[in-house]
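The values are calculated or read from the model by the stated rules, or taken from the named source; none is laboratory data. Everything quoted here is computed from the prediction, not taken from an experiment. Positions of Cβ are generated from backbone atoms using ideal geometry, with glycine treated the same way; all protein chains shown enter the neighbour counts.
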Amino acid sequence: MVNVAILGFGTVGSGVAEVLTGHEGSIERKAGGLIRLKYILDVRDFPDSPFADRFVKDFAVIESDPEVDIVVETIGGASIALEFTRRALEAGKSVVTSNKELVATCGYELTQLAREKGVCYLFEASVGGGIPIIRPLSQCLAANEILEIYGILNGTTNYILTRMIRAGLTFDAALAEAQEKGYAERDPSADVDGHDACRKICILADIAFGRHISPDQVPTQGITGVTLADVDYAESAGKKIKLLGRAIRGEDGRVCAYVAPHLVDQSDPLAGVEDVFNAISVRGDAIGDVMFYGRGAGKLPTASAVVADVIDVARNMGHRKALSWEPGGPDAACGTDGLKSRWYVRAEAAADELRARLPGCKLLARRESGGGEAACLTEEELTRGQMEERLAGLNLRSALRVLD
Ligand code: NDP
Ligand code: HSE
């Protein structure tokens, strides 16, 4: 029998308890033995929970119980969760988590500690919610040199954009719905300002390219600057606006990773990814392009990924499943200064002025008049610096990369 303790009985932790106990029979068969939920640690009391008898308040109870084999960390954040994760690994217990902030910032240290202690630190749920991506990237695609990863990595922002565009909700109303459904982070600015997607692209880059990429090496822009005018102009050009995380391996081995809203063509599979769904595209030198799609957040989809890791650890008890990468450094990432793309720009200018500064650009029209502004798609691929230089002196209301 394998004993599990869950830390944090919130959206994900309660889903893990539900799935672990609800599917006990089939999980036992797949794990090759019974997996018992022995403890749940939370700061709150849950007297009406069917698991009420398993709650503890002191982590030391879990840490010092030799029967506990696997600790599921679903508290979130990088403070108390880091302390408990370190202590669990030090005590020789494997740790499974959905906490991308912790993996993105301290994943190198924690995978090393797991290695030293001969246990596992697994985090399938940290990227893409229920979508299998960490295991496919580290195992199924291991034969490839990964060239690029990009995709919709945050369910909350995709949900907000979908609800604003499809149902005409305000930003605040759409965010409130996402919070109600349990998709948003405790501090939702992590979603809307792009930090959550940033952490996820860092984790994917760590695994794909083999060196730690720190979130502070990744230029990050969220969706708060995207207006309905931008959505309208994009639609008039047959495109949709999607928040993408992207990591590209340069020829010198450095990684160019960033997060920003992009214009995506309606014919691109990413354009059809709506609601809380995520999609992640991976380009390998042997496989070409492969895409992973599914629910990117929410209680049960995320629990599905966490419990899969628990089963994996239980099935391989005593055999460490290694997931690790090399330390990072300033030379691991190269920023986006040299990255060229076509651009969507909206500026306080006459259409002729934009055409003169961006020869060959495609002028865009929207349903309502833009009031002293014009918008276009550049024909040329330009770096951000080149684009800004061309438009110097104009009041630039919006500038988004086009995904080609
Ligand atoms: P919640 O806030 O719903 O759950 C966290 C739980 O931990 C809460 O019950 C909280 O109690 C409890 N907690 C806080 N501090 C402590 C402590 N010191 N000791 C014990 N328990 C504590 O978060 P989620 O379940 O949404 O997210 C958990 C993690 O999973 C985060 O890292 C998140 O980013 C990640 N994640 C979330 C997904 C989702 O769809 N929600 C999807 C994928 C990953 P209290 O509320 O009283 O503070
Ligand atoms: N807040 C995150 C999201 C949860 O909306 O994608 C899943 O990681």
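See the values below:
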item: Residues satisfying the stated conditions in the range 21-43, i.e. under 22 Å from Ala297 (Cβ atoms) and either part of a loop (DSSP other than H, G, I, E, B) or within 16 Å of ligand 2 (Cβ to nearest atom) (or both); result: His23, Asp42
item: Residue pairs meeting the criteria (Cβ under 6 Å; at least 6 apart or on separate chains; first over 18 Å from Gly13 (Cβ atoms) and in contact (Cβ under 8 Å) with a residue 12 or more places away in the chain, in the range 111-132; second part of a helix (DSSP H, G or I) and within 12 Å of ligand 2 (Cβ to nearest atom)); result: Val127/Lys200; Val127/Ile203
item: Enumeration of residues in the range 114-156 that are more than 16 Å from ligand 1 (Cβ to nearest atom), part of a helix (DSSP H, G or I) and touching a Ser or Thr at 6+ places or on another chain (Cβ under 8 Å); result: Ala114, Arg115
item: Contacts under 7 angstrom Cβ, first residue in the range 181-192 being at positive phi, partner near ligand 1 (Cβ under 10 Å from one of its atoms), 6 or more apart; result: Gly182/Thr11; Gly182/Gly298; Gly182/Lys299
item: Asp265 vs. criteria surrounded by fewer than 18 Cβ atoms within 10 Å (Cβ to Cβ), modelled with pLDDT of 95 or more and touching a helix residue (DSSP H, G or I) at 6+ places or on another chain (Cβ under 8 Å); result: yes
item: Scan of the range 1-20 for residues that are touching a helix residue (DSSP H, G or I) at 6+ places or on another chain (Cβ under 7 Å), more than 16 Å from ligand 2 (Cβ to nearest atom) and closer than 15 Å to Val95 by Cα, ordered by number; result: Val2, Val4, Ala5, Ile6, Leu7
item: Answer residue from the range 350-378, given it is touching a strand residue (DSSP E or B) at 6+ places or on another chain (Cβ under 7 Å) and in a loop (DSSP other than H, G, I, E, B) and is surrounded by the fewest Cβ atoms within 10 Å (Cβ to Cβ) among those; result: Gly372
item: Among the residues listed as Ser267, Ser281, Ser304, the single one being outside any loop (DSSP other than H, G, I, E, B), away from ligand 2 (no atom under 16 Å from the Cβ) and of a type in the set (S, T, N, Q); result: Ser281
item: Residue satisfying condition, being surrounded by fewer than 24 Cβ atoms within 10 Å (Cβ to Cβ), within 16 Å of ligand 2 (Cβ to nearest atom) and among the polar types (S, T, N, Q), within set Thr224, Thr157; result: Thr224
item: Check on Ala205, within 19 Å of Trp325 (Cβ to Cβ), out of contact with any Leu (no Cβ under 6 Å at 6 or more places or on another chain) and not in a helix (DSSP H, G or I); result: no
item: Residue match in the range 96-104 (condition: in contact with a Pro (Cβ under 8 Å, 6 or more places away or on another chain), closer than 30 Å to Pro327 by Cβ and not in a strand (DSSP E or B)); result: yes
item: Some residue of the range 198-216 being under 14 Å from the mean Cα position of the chain (by Cα), under 19 Å from Gly129 (Cα atoms) and within 11 Å of ligand 1 (Cβ to nearest atom); result: yes
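Table: residues versus (1) under 17 Å from Val313 (Cα atoms); (2) in a loop (DSSP other than H, G, I, E, B); (3) of a type outside the set (Gly, Ala, Ser); (4) under 21 Å from the mean Cα position of the chain (by Cα).
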{"position": "Val16", "(1), (2), (3), (4)": "yes, no, yes, yes"}
{"position": "Val19", "(1), (2), (3), (4)": "yes, no, yes, no"}
{"position": "Pro50", "(1), (2), (3), (4)": "no, yes, yes, no"}
{"position": "Val72", "(1), (2), (3), (4)": "yes, no, yes, yes"}
